[in-house]
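The values are calculated or read from the model by the stated rules, or taken from the named source; none is laboratory data. Only a predicted model underlies this, so the values are computations on that prediction, with no experimental measurement involved. Using ideal geometry, Cβ is built from the backbone for each residue, glycine included, and neighbour counts are taken over all protein chains shown. Protein only, heavy atoms only, side chains kept; ligands, DNA and RNA dropped before computing areas. Shrake-Rupley method; radii C 1.70, N 1.55, O 1.52, S 1.80 Å.
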Amino acid sequence: MSFNSFGHLFRVTTWGESHGPAIGCVVDGCPPRIALTEADIQPWLDKRRPGQSSLTTQRAEPDQVRILSGVMDGRTTGTPIALMIENTDQRSRDYGEIATRFRPGHADLTYHLKYGIRDYRGGGRSSARETASRVAAGAVARAILGDAVRIRGAMVQMGDQQIERSRWDWSQVDANPLFCPDPVAAAAWESELMAIRKAGSSVGAVIELVADGLPPGLGAPIYGKLDADLAAAIMGINAVKGVEIGDGFASAALRGEGNADEMRMDGNHVTFASNHAGGILGGISTGQPVVLRFAVKPTSSILIPRESVDENGNEVDVTTRGRHDPCVGIRAVPVGEAMMACVLADHLLRHRAQNPDAPERAILPRN
(Lines give C-alpha, C1' and ligand atoms only; values in the text may rest on other atoms or scores of the structure.)
Protein backbone atom coordinates (compact mmCIF):
# COMPACT_ATOMS: atom_id res chain seq x y z
CA MET A 1 0.00 0.00 0.00
CA SER A 2 1.43 3.36 -1.05
CA PHE A 3 0.67 6.94 0.03
CA ASN A 4 1.22 6.61 3.76
CA SER A 5 3.14 9.91 3.90
CA PHE A 6 2.18 13.57 3.67
CA GLY A 7 3.97 16.91 3.85
CA HIS A 8 7.02 18.37 2.12
CA LEU A 9 9.69 19.81 4.42
CA PHE A 10 7.82 18.54 7.48
CA ARG A 11 6.94 15.03 6.36
CA VAL A 12 4.95 12.42 8.28
CA THR A 13 4.71 8.70 7.55
CA THR A 14 2.31 6.62 9.65
CA TRP A 15 2.40 2.87 10.05
CA GLY A 16 0.54 0.05 11.80
CA GLU A 17 -2.96 -1.40 11.97
CA SER A 18 -5.83 -1.21 14.42
CA HIS A 19 -5.30 -4.76 15.73
CA GLY A 20 -1.56 -5.07 15.19
CA PRO A 21 0.98 -4.96 18.03
CA ALA A 22 1.59 -1.22 17.65
CA ILE A 23 1.03 1.88 15.56
CA GLY A 24 3.26 4.88 15.07
CA CYS A 25 4.83 7.42 12.77
CA VAL A 26 8.12 8.74 11.49
CA VAL A 27 8.46 12.53 11.38
CA ASP A 28 11.12 13.76 8.99
CA GLY A 29 12.25 17.35 8.53
CA CYS A 30 11.95 18.55 12.11
CA PRO A 31 14.64 21.19 12.74
CA PRO A 32 17.29 20.42 15.37
CA ARG A 33 17.51 21.80 18.91
CA ILE A 34 13.75 22.00 19.51
CA ALA A 35 12.69 21.00 23.02
CA LEU A 36 10.73 17.74 22.82
CA THR A 37 10.03 14.90 25.23
CA GLU A 38 7.37 12.23 25.53
CA ALA A 39 5.70 14.44 28.14
CA ASP A 40 5.20 17.10 25.44
CA ILE A 41 3.39 14.62 23.18
CA GLN A 42 1.32 12.67 25.71
CA PRO A 43 -1.28 15.36 26.62
CA TRP A 44 -2.45 15.55 23.00
CA LEU A 45 -2.77 11.77 22.81
CA ASP A 46 -4.68 11.78 26.08
CA LYS A 47 -7.15 14.22 24.53
CA ARG A 48 -7.86 11.76 21.69
CA ARG A 49 -7.57 8.59 23.78
CA PRO A 50 -10.58 6.20 23.64
CA GLY A 51 -12.59 5.04 26.62
CA GLN A 52 -12.59 8.33 28.53
CA SER A 53 -16.38 8.70 28.66
CA SER A 54 -19.54 6.76 27.91
CA LEU A 55 -19.86 8.79 24.69
CA THR A 56 -16.86 7.22 22.95
CA THR A 57 -15.63 3.72 22.17
CA GLN A 58 -14.87 1.69 25.28
CA ARG A 59 -11.68 0.26 23.83
CA ALA A 60 -9.29 0.96 26.72
CA GLU A 61 -5.99 1.99 25.17
CA PRO A 62 -3.50 3.93 27.34
CA ASP A 63 -1.91 5.38 24.17
CA GLN A 64 1.48 5.80 25.82
CA VAL A 65 3.93 7.19 23.30
CA ARG A 66 7.60 6.21 23.05
CA ILE A 67 10.23 8.24 21.23
CA LEU A 68 12.53 5.78 19.49
CA SER A 69 14.83 8.15 17.61
CA GLY A 70 15.51 11.74 16.65
CA VAL A 71 15.67 13.17 20.18
CA MET A 72 18.62 13.37 22.56
CA ASP A 73 18.64 14.95 26.01
CA GLY A 74 15.20 16.43 25.46
CA ARG A 75 16.01 18.15 22.16
CA THR A 76 15.49 17.16 18.54
CA THR A 77 18.62 16.25 16.62
CA GLY A 78 17.34 17.02 13.12
CA THR A 79 17.16 13.32 12.23
CA PRO A 80 13.93 11.35 11.70
CA ILE A 81 11.78 11.15 14.82
CA ALA A 82 10.22 7.70 15.28
CA LEU A 83 7.20 7.49 17.59
CA MET A 84 5.49 4.28 18.71
CA ILE A 85 2.18 3.60 20.49
CA GLU A 86 1.44 0.03 21.54
CA ASN A 87 -1.99 -1.55 21.02
CA THR A 88 -3.01 -3.30 24.22
CA ASP A 89 -6.79 -3.83 24.09
CA GLN A 90 -7.53 -5.42 20.72
CA ARG A 91 -10.53 -7.79 20.50
CA SER A 92 -10.26 -9.30 17.04
CA ARG A 93 -12.91 -11.90 17.87
CA ASP A 94 -15.54 -9.16 17.64
CA TYR A 95 -14.97 -9.05 13.87
CA GLY A 96 -15.14 -12.78 13.08
CA GLU A 97 -18.69 -12.56 11.75
CA ILE A 98 -17.79 -9.95 9.14
CA ALA A 99 -14.53 -11.48 7.93
CA THR A 100 -16.07 -12.07 4.49
CA ARG A 101 -18.87 -9.49 4.63
CA PHE A 102 -18.63 -5.87 3.57
CA ARG A 103 -19.88 -3.34 6.10
CA PRO A 104 -22.03 -0.63 4.47
CA GLY A 105 -20.39 2.79 4.73
CA HIS A 106 -16.95 1.29 5.42
CA ALA A 107 -13.92 0.87 3.18
CA ASP A 108 -14.24 -2.94 3.24
CA LEU A 109 -15.49 -3.23 -0.34
CA THR A 110 -13.10 -0.70 -1.88
CA TYR A 111 -10.07 -2.21 -0.13
CA HIS A 112 -11.09 -5.67 -1.36
CA LEU A 113 -11.62 -4.49 -4.93
CA LYS A 114 -8.31 -2.60 -4.99
CA TYR A 115 -5.98 -5.01 -3.16
CA GLY A 116 -7.77 -8.35 -3.13
CA ILE A 117 -7.08 -8.56 0.61
CA ARG A 118 -8.16 -6.54 3.63
CA ASP A 119 -7.66 -6.53 7.36
CA TYR A 120 -11.21 -7.08 8.66
CA ARG A 121 -10.07 -6.74 12.30
CA GLY A 122 -11.31 -3.26 13.03
CA GLY A 123 -10.55 -2.08 9.51
CA GLY A 124 -6.75 -2.27 9.69
CA ARG A 125 -5.29 0.93 8.21
CA SER A 126 -8.76 2.38 7.56
CA SER A 127 -9.53 2.33 11.30
CA ALA A 128 -9.69 5.57 13.28
CA ARG A 129 -7.05 3.92 15.47
CA GLU A 130 -4.47 5.10 12.91
CA THR A 131 -5.22 8.72 13.78
CA ALA A 132 -3.39 8.41 17.11
CA SER A 133 -0.18 8.45 15.07
CA ARG A 134 -1.25 11.72 13.44
CA VAL A 135 -1.93 13.27 16.84
CA ALA A 136 1.58 12.31 17.96
CA ALA A 137 3.02 13.92 14.82
CA GLY A 138 0.88 16.98 15.45
CA ALA A 139 2.53 17.40 18.84
CA VAL A 140 5.92 17.59 17.12
CA ALA A 141 4.47 20.14 14.68
CA ARG A 142 3.21 22.28 17.58
CA ALA A 143 6.73 22.30 19.01
CA ILE A 144 7.97 23.73 15.71
CA LEU A 145 5.20 26.33 15.55
CA GLY A 146 5.97 27.48 19.11
CA ASP A 147 3.80 29.17 21.69
CA ALA A 148 3.00 32.12 19.41
CA VAL A 149 0.70 29.91 17.30
CA ARG A 150 -2.40 28.49 19.01
CA ILE A 151 -4.54 25.82 17.35
CA ARG A 152 -7.92 25.02 18.85
CA GLY A 153 -10.87 22.91 17.77
CA ALA A 154 -14.48 22.54 18.85
CA MET A 155 -17.57 20.58 17.86
CA VAL A 156 -20.07 23.13 16.57
CA GLN A 157 -22.78 20.80 15.28
CA MET A 158 -24.03 17.32 16.16
CA GLY A 159 -26.50 15.83 13.73
CA ASP A 160 -28.76 18.69 12.64
CA GLN A 161 -28.28 20.70 15.84
CA GLN A 162 -25.86 23.64 15.86
CA ILE A 163 -24.40 25.61 18.74
CA GLU A 164 -25.56 29.11 19.63
CA ARG A 165 -22.51 31.19 18.71
CA SER A 166 -23.42 33.94 21.16
CA ARG A 167 -22.65 31.40 23.91
CA TRP A 168 -19.24 30.42 22.48
CA ASP A 169 -16.78 29.92 25.34
CA TRP A 170 -13.41 28.29 24.60
CA SER A 171 -13.01 27.37 28.27
CA GLN A 172 -16.01 25.04 27.93
CA VAL A 173 -14.33 22.92 25.26
CA ASP A 174 -12.25 21.01 27.80
CA ALA A 175 -15.04 21.05 30.38
CA ASN A 176 -17.31 18.56 28.58
CA PRO A 177 -16.67 15.26 26.76
CA LEU A 178 -18.00 16.65 23.47
CA PHE A 179 -15.40 19.42 23.05
CA CYS A 180 -18.36 21.78 22.65
CA PRO A 181 -17.90 25.55 23.26
CA ASP A 182 -21.61 26.04 24.07
CA PRO A 183 -22.42 24.59 27.54
CA VAL A 184 -26.16 24.55 26.86
CA ALA A 185 -25.77 22.63 23.62
CA ALA A 186 -23.24 20.29 25.23
CA ALA A 187 -25.71 19.24 27.92
CA ALA A 188 -28.47 18.61 25.39
CA TRP A 189 -26.18 16.73 23.00
CA GLU A 190 -24.84 14.49 25.75
CA SER A 191 -28.33 13.25 26.60
CA GLU A 192 -29.23 12.79 22.95
CA LEU A 193 -26.03 10.93 22.15
CA MET A 194 -26.62 8.48 25.00
CA ALA A 195 -30.05 7.71 23.52
CA ILE A 196 -28.52 7.26 20.06
CA ARG A 197 -25.92 4.88 21.47
CA LYS A 198 -28.56 2.81 23.31
CA ALA A 199 -30.50 2.56 20.06
CA GLY A 200 -27.41 1.09 18.39
CA SER A 201 -27.11 3.96 15.93
CA SER A 202 -24.73 6.88 15.35
CA VAL A 203 -24.68 10.54 14.33
CA GLY A 204 -22.43 12.92 12.41
CA ALA A 205 -20.87 16.24 13.42
CA VAL A 206 -19.18 19.44 12.26
CA ILE A 207 -15.85 20.50 13.77
CA GLU A 208 -14.40 24.02 13.66
CA LEU A 209 -10.65 24.65 13.84
CA VAL A 210 -9.03 28.03 14.51
CA ALA A 211 -5.31 28.83 14.29
CA ASP A 212 -4.23 32.14 15.85
CA GLY A 213 -0.84 33.84 15.72
CA LEU A 214 0.23 32.82 12.22
CA PRO A 215 2.40 35.20 10.21
CA PRO A 216 1.27 36.35 6.78
CA GLY A 217 2.81 34.70 3.75
CA LEU A 218 2.30 30.98 4.43
CA GLY A 219 1.30 29.15 1.26
CA ALA A 220 1.98 29.58 -2.44
CA PRO A 221 -0.27 31.07 -5.13
CA ILE A 222 -0.85 28.12 -7.45
CA TYR A 223 -0.19 24.48 -6.51
CA GLY A 224 0.95 25.00 -2.93
CA LYS A 225 -2.06 26.91 -1.63
CA LEU A 226 -2.33 26.80 2.15
CA ASP A 227 -6.09 26.24 2.04
CA ALA A 228 -5.71 23.45 -0.53
CA ASP A 229 -3.14 21.63 1.62
CA LEU A 230 -5.29 22.09 4.73
CA ALA A 231 -8.34 20.73 2.91
CA ALA A 232 -6.38 17.73 1.62
CA ALA A 233 -5.02 16.94 5.09
CA ILE A 234 -8.42 17.21 6.75
CA MET A 235 -10.11 15.15 4.02
CA GLY A 236 -7.53 12.46 4.76
CA ILE A 237 -9.07 11.94 8.21
CA ASN A 238 -11.39 8.96 8.51
CA ALA A 239 -15.11 9.73 7.99
CA VAL A 240 -14.57 13.34 6.85
CA LYS A 241 -16.86 14.19 3.92
CA GLY A 242 -16.48 17.96 3.53
CA VAL A 243 -14.19 20.91 4.34
CA GLU A 244 -14.76 24.66 4.15
CA ILE A 245 -12.46 27.63 4.80
CA GLY A 246 -13.79 30.83 6.36
CA ASP A 247 -17.43 31.35 5.38
CA GLY A 248 -17.10 28.44 2.98
CA PHE A 249 -20.34 27.48 1.25
CA ALA A 250 -22.16 30.31 2.99
CA SER A 251 -20.13 32.80 0.94
CA ALA A 252 -22.10 31.74 -2.13
CA ALA A 253 -25.11 33.54 -0.64
CA LEU A 254 -23.21 36.83 -0.18
CA ARG A 255 -22.61 39.70 -2.54
CA GLY A 256 -19.16 41.03 -3.31
CA GLU A 257 -19.40 43.96 -0.92
CA GLY A 258 -20.47 41.65 1.89
CA ASN A 259 -17.88 38.98 1.28
CA ALA A 260 -14.68 41.03 0.81
CA ASP A 261 -12.80 41.74 4.04
CA GLU A 262 -12.19 45.50 4.08
CA MET A 263 -8.78 46.81 5.16
CA ARG A 264 -7.45 49.81 7.04
CA MET A 265 -4.12 50.86 8.57
CA ASP A 266 -3.26 50.91 12.26
CA GLY A 267 0.11 52.63 12.25
CA ASN A 268 2.02 50.55 9.71
CA HIS A 269 -0.01 47.40 10.40
CA VAL A 270 -2.78 46.24 8.07
CA THR A 271 -6.05 45.50 9.87
CA PHE A 272 -9.17 43.75 8.60
CA ALA A 273 -12.78 44.61 9.40
CA SER A 274 -13.89 40.97 9.05
CA ASN A 275 -12.57 37.50 8.23
CA HIS A 276 -14.91 35.95 5.67
CA ALA A 277 -11.84 34.52 3.90
CA GLY A 278 -10.81 32.50 6.95
CA GLY A 279 -7.35 34.04 7.09
CA ILE A 280 -6.28 32.93 3.60
CA LEU A 281 -6.33 34.90 0.32
CA GLY A 282 -5.01 33.51 -2.94
CA GLY A 283 -3.74 30.47 -1.08
CA ILE A 284 -1.57 32.63 1.23
CA SER A 285 -2.16 33.45 4.89
CA THR A 286 -3.11 37.04 5.72
CA GLY A 287 -1.99 37.01 9.34
CA GLN A 288 -5.60 36.73 10.54
CA PRO A 289 -6.85 33.60 12.30
CA VAL A 290 -7.15 30.65 9.93
CA VAL A 291 -10.67 29.26 10.30
CA LEU A 292 -11.70 25.86 8.94
CA ARG A 293 -14.71 23.58 9.41
CA PHE A 294 -15.14 19.95 8.45
CA ALA A 295 -18.07 17.55 8.38
CA VAL A 296 -17.82 14.02 9.77
CA LYS A 297 -20.32 11.38 8.72
CA PRO A 298 -22.11 9.11 11.23
CA THR A 299 -20.08 6.12 12.39
CA SER A 300 -20.66 3.29 9.93
CA SER A 301 -20.26 0.56 12.57
CA ILE A 302 -23.73 0.29 14.14
CA LEU A 303 -25.80 -2.46 15.76
CA ILE A 304 -28.77 -1.94 13.45
CA PRO A 305 -28.75 -4.62 10.70
CA ARG A 306 -27.95 -3.30 7.22
CA GLU A 307 -28.23 -4.93 3.81
CA SER A 308 -24.95 -5.78 2.08
CA VAL A 309 -23.07 -8.49 0.16
CA ASP A 310 -20.19 -10.83 0.95
CA GLU A 311 -16.99 -11.74 -0.92
CA ASN A 312 -18.84 -14.51 -2.83
CA GLY A 313 -21.53 -12.18 -4.12
CA ASN A 314 -24.21 -13.35 -1.70
CA GLU A 315 -26.71 -10.82 -0.38
CA VAL A 316 -26.45 -10.70 3.41
CA ASP A 317 -27.37 -8.59 6.43
CA VAL A 318 -24.55 -7.05 8.44
CA THR A 319 -24.61 -6.13 12.13
CA THR A 320 -21.33 -4.69 13.40
CA ARG A 321 -20.22 -5.86 16.83
CA GLY A 322 -17.31 -4.50 18.80
CA ARG A 323 -16.69 -1.14 20.47
CA HIS A 324 -17.35 1.97 18.44
CA ASP A 325 -17.94 5.69 18.81
CA PRO A 326 -21.59 6.73 18.45
CA CYS A 327 -20.19 10.04 17.13
CA VAL A 328 -16.67 9.96 15.68
CA GLY A 329 -16.82 13.75 15.54
CA ILE A 330 -15.87 13.91 19.22
CA ARG A 331 -12.41 12.41 18.88
CA ALA A 332 -12.04 14.03 15.45
CA VAL A 333 -11.45 17.34 17.26
CA PRO A 334 -7.87 16.57 18.44
CA VAL A 335 -7.18 14.76 15.16
CA GLY A 336 -8.22 17.81 13.16
CA GLU A 337 -6.06 20.03 15.35
CA ALA A 338 -3.09 17.73 14.74
CA MET A 339 -3.51 17.69 10.97
CA MET A 340 -3.79 21.48 10.92
CA ALA A 341 -0.61 21.72 13.02
CA CYS A 342 1.29 19.44 10.63
CA VAL A 343 0.26 21.47 7.57
CA LEU A 344 1.03 24.79 9.24
CA ALA A 345 4.44 23.59 10.44
CA ASP A 346 5.26 22.38 6.94
CA HIS A 347 4.25 25.70 5.39
CA LEU A 348 6.09 27.70 8.04
CA LEU A 349 9.32 25.84 7.26
CA ARG A 350 8.78 26.34 3.53
CA HIS A 351 8.08 30.05 4.05
CA ARG A 352 11.20 30.57 6.17
CA ALA A 353 13.34 28.75 3.61
CA GLN A 354 12.17 30.95 0.75
CA ASN A 355 11.63 34.22 2.64
CA PRO A 356 13.86 34.26 5.74
CA ASP A 357 13.42 38.02 6.22
CA ALA A 358 9.63 38.11 5.78
CA PRO A 359 7.72 40.11 8.46
CA GLU A 360 5.87 38.34 11.23
CA ARG A 361 2.92 40.73 10.85
CA ALA A 362 1.15 42.42 7.95
CA ILE A 363 3.33 45.53 7.76
CA LEU A 364 3.38 48.20 5.03
CA PRO A 365 5.70 51.24 4.86
CA ARG A 366 3.98 54.56 5.51
CA ASN A 367 4.85 57.59 3.41
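Can you tell me, using C-alpha contacts under 8 Å and at least 6 residues apart, the relative contact order of the range 211-367 as a whole percent?
Over the range 211-367, the number comes to 32 percent.
Helix 131-145: angle to the longest alpha-carbon principal axis of the chain, degrees 0 to 90, nearest 10?
Rounded to the nearest ten degrees, it is 10.
For the range 90-214, just say rounded, prolate or oblate: build the C-alpha gyration tensor, square-root its eigenvalues into a ≥ b ≥ c, call rounded for a/c under 1.5, and beyond that prolate if a/b exceeds b/c, oblate if not.
Numbers: a/c = 2.74, a/b = 1.43, b/c = 1.92.
Here the range 90-214 falls in the oblate category.
Report, in debye and to the nearest 20, how large the dipole of the range 100-198 comes out about its Cα centre when Lys and Arg carry +1 and Asp and Glu carry -1 on their Cβ.
600 debye
To the nearest 20 debye, what charge dipole does the chain have about its Cα centre, counting +1 at the Cβ of each Lys and Arg and -1 at the Cβ of each Asp and Glu?
420 debye
Over the range 199-241, with the other protein chains present, what is the accessible area per residue in square angstrom, probe 1.4 angstrom?
Accessible surface, normalised per residue, equals 36 Å².
Can you list residues from other chains, or at least 5 along the same chain, whose modelled amide H is less than 5 Å from the amide H of VAL309?
PHE102, VAL316
Spelling out what I want: for every residue of the range 259-266, take phi, set θ = phi - 60°, compute 6.51 cos²θ - 1.76 cosθ + 1.60 (Karplus), and round to whole Hz; glycine and proline get x.
With coefficients 6.51, -1.76 and 1.60, one gets 8, 5, 7, 5, 10, 9, 9, 10 Hz.
Tell me the angle of helix 38-48 to the major Cα principal axis of the chain, expressed in degrees between 0 and 90 and rounded to the nearest ten.
So the inclination is approximately 60 degrees.
In percent, how large is the relative contact order of the chain, given Cα pairs closer than 8 Å and 6 or more residues apart?
Relative contact order, the chain: 22 percent.
Over the Cα atoms of the chain, how large are the radius of gyration and the largest Cα-Cα distance (Dmax), in Å?
21.4, 77
Using a 10 angstrom cutoff on alpha carbons, build the Gaussian network for the chain and name the most mobile of ILE117, ILE284, ILE196.
With Cα springs under 10 Å in the chain, the top fluctuation among ILE117, ILE284, ILE196 is at ILE117.
Choose one answer from SER133, SER201, SER274: the residue with the largest mean-square fluctuation in a GNM of the chain with alpha-carbon springs under 10 Å.
In the Gaussian network model the winner is SER274.
If you count, for each residue, the other Cβ atoms within 10 Å and average over each peptide, how do 302-315, 136-149 line up from highest to lowest?
On the way: 302-315: 12.5, 136-149: 21.6.
Result, highest mean Cβ count within 10 Å first: 136-149, 302-315.
Could you give the angle, 0 to 90 degrees to the nearest 10, between helix 226-235's Cα long axis and the longest principal axis of the Cα atoms of the chain?
10 degrees
Using a Gaussian network model of the chain with C-alpha springs under 10 Å, which one of ALA187, ALA253, ALA239 is most mobile by mean-square fluctuation?
Most flexible of the set in this elastic network: ALA253.
Quick one: which residues, 5 or more positions from ASN87 or on another chain, have an amide H under 5 Å from its amide H? H modelled 1.01 Å from N in the peptide plane, none for Pro or chain starts.
For ASN87, whose amide H was placed from the backbone, the distant partners under 5 Å are ALA22, ILE23.
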